[in-house]
1. Of the residues Thr27, Thr63, which is under 12 Å from the mean Cα position of the chain (by Cα) and exposed (fewer than 13 other Cβ atoms within 10 Å of the Cβ)?
2. For region 31-60, name all the residues that are among the hydrophobic types (A, V, I, L, M, F, W, C), open to solvent by 30 Å² or more (accessible area, probe 1.4 Å) and free of Cβ contacts under 8 Å to residues at least 40 places away in the same chain.
3. Modelled with pLDDT of 90 or more and surrounded by 15 or more Cβ atoms within 10 Å (Cβ to Cβ): which single residue out of Leu88, Leu68 fits that description?
4. Could you please give the count of residues in region 6-25 that are small (Gly, Ala, Ser) and modelled with pLDDT of 90 or more?
5. Which one of Phe77, Phe125 is modelled with pLDDT of 90 or more and not in a helix (DSSP H, G or I)?
Amino acid sequence: HVREIIGHAEQGMTGVNIQIKGDVIGTVLLLLSPENAGKLVGGVPKGQEMEALEEYANIIAGTALGALHRFLSLKLFQSVPGSATDMLGAVVNDTVADYGNRADIVLLLDIQFLTENTHAAGRLFFVFDPDSTQKVLGAAHAKARGDAV
């Protein structure tokens, strides 16, 4: 299940969640350790760190959803991001509670942020409700067979 893939519930984590609507329903969840989140937004003015992190996640999720749209021909729309720093269990429960207990398949992307002065890492999870998971898998299988999607 999703929680087993993500990690230990008691570890500290910073998460940004973005809801997916359209042909499928789900959540995009960017997870970073608080240390990596701090590295990523280190040059941002004090008090604007979470907004900057949400914007990074918004751009990354938008790019990934755009790629999925082009590849699978699914209409995918994203919500305004929300964020939290807490124990991993709380972050995950708040963001994927509707899907995580029923989701068996998760799309996972490891993310590396590299600049001249910064190296930060995180993970981008796509968690869909069960019906949406079947739509995504069906579209991927059709694409792999060369069917019109």
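1. Thr63
2. Scanning region 31-60 gives Val44, Met50, Ile59.
3. Of the residues listed, the single one that is modelled with pLDDT of 90 or more and surrounded by 15 or more Cβ atoms within 10 Å (Cβ to Cβ) is Leu68.
4. Residues in region 6-25 being small (Gly, Ala, Ser) and modelled with pLDDT of 90 or more: 1 in total.
5. Phe77
The values are calculated or read from the model by the stated rules, or taken from the named source; none is laboratory data. Not measured: the values here are computed from a predicted model. With ideal geometry, Cβ positions are generated from the backbone for all residues, glycine too; neighbour counts draw on all protein chains shown. Surface areas here come from the heavy atoms of the whole protein model, side chains and all, with no ligands, DNA or RNA. Shrake-Rupley method; radii C 1.70, N 1.55, O 1.52, S 1.80 Å.
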